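Colleague: Structure incoming, see below.
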Amino acid sequence: MSFLAHSLATLAFFAVVGLTIIGALIAVGARNIFHNVLGLALSLIGVAGLFLYLNSPFVALMEILIYVGAICIAICFAIMLSQPLYLKAPPRSLLKTLGALLGAGAVFAFLALLTRKTTWVAAAERSKDWSVTTIGHYLLTNYVLIFELVSLLLLVAMLGAIVTARDGRSSS
Amino acid sequence: MLIFNQLETYLYLALVLFGIGLYGVLSRRNLIAVLISVELMLNAASINFMAFNRFLAPHPAVGQVITLFIMAVAAAEAAIALSIIMAVYRKLKSISAEQTTELRG
């Protein structure tokens, strides 16, 4: 019974990982910008699944709500308001692609080496309290500065976005 | 030892996601595509935080709070970036990173 549950969980984990990686590849590789956004949404749903595996259903829901529900939709609006999709994109130059591959590969190799060489030490005493109540408590006591800062940041970003995007259509 | 109960699995996964995102930032010319790649990199960082939170941290609320902070900052960043892209498109009629060279001396 336990073995069956474990293999099912492992299978679902691989599905989630595949979703994340394939979505990311579509988000970067596809030529059509709209396919890029859909790939991003797919990848973010996969990341939400990973958060479920990391014991945090609350953050997983927030990931879907904020990233898939808000940011991807906002990007869709920006795509529809900007360059028409039927315009052909200029072909990619091979040299620049190789350069980007080289740069990203170098950083990737460095970080992989770093991850492999480091021995991770867990904290001596670890709390077992994973409830959402505790997160809310922390947000309004120890991390209330972060909470307030985020509110202020979102307000300023909203005002800034309105002021920046309004420019050029005030003539009506 | 199950594969989804190991810290390294998540670290390497985040690493792959970060690498893909970095490649996108470096290679794409459409400004919206660059923004999408940046979102991927931010998500890789979030996965790292959540993994350390799950396996190493003394209290499990801390990593989740930081991940929420990253999400809020990403939302603000996306709003600002998209409005800048709209302004650039109105001015230059293009959102290619190679056309936006007005600041070149």
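None of the figures in this text is laboratory data; all of them are computed from the coordinates on show. Since the model is a prediction, treat every value here as computed from it, not as a measurement. All Cβ positions, even for glycine, are placed from backbone atoms using ideal geometry, and neighbour counts span all protein chains on display.
Colleague: When you take every Cα atom in the protein assembly as shown, what is the radius of gyration, and what is Dmax, the widest Cα pair distance, in Å?
Modeller: For the protein assembly as shown, the Cα radius of gyration and maximum Cα-Cα distance read 20.1, 70 Å.
Colleague: Here's something else I'd like to know. Per DSSP helix of 4 or more residues, -39500 (n - 2.57); summed, then divided by the residues of chain B. What does that give at 222 nm, rounded to the nearest 500? Write out the running numbers ahead of the final one.
Modeller: On the way: 3 runs with 79 residues, N = 105.
Helices in chain B give a 222 nm mean residue ellipticity of -27000 deg cm²/dmol.
Colleague: Could you work out Rg/(2.2 N^0.38 Å) for region A:57-172, with Rg from alpha carbons only?
Modeller: 1.66
Colleague: Here is a further query. Compute from the Cα atoms of region A:30-88 the Rg and the Dmax, the latter being the longest Cα-Cα distance, and quote both in angstrom.
Modeller: Both quantities, over Cα of region A:30-88: 13.6, 45 Å.
Colleague: Further question: Straight distance only, please: which aspartates and glutamates reach the Cα of residue B:91 with their own Cα at less than 20 Å, same-chain residues fewer than 8 apart left out?
Modeller: Result set, ordered by chain and number: A:167, B:102.
Colleague: Rounded to whole Å and sorted largest first, what semi-axes of the equivalent ellipsoid does the C-alpha gyration tensor of region B:50-89 yield via the square root of 5 times each eigenvalue? Don't skip to the answer; put the middle values down first.
Modeller: Values: eigenvalues 219, 11, 3 Å².
For region B:50-89, the ellipsoid semi-axes come out as 33, 8, 4 Å.
Colleague: Given a Förster radius of 25 Å and the C-beta distance between residue A:133 and residue A:8 as r, what FRET efficiency does 1/(1 + (r/R0)^6) yield to the nearest 0.05? Spell out each step's value before the answer.
Modeller: Working: r = 30 Å, r/R0 = 1.19.
With R0 = 25 Å, the Cβ-Cβ based efficiency is 0.25.
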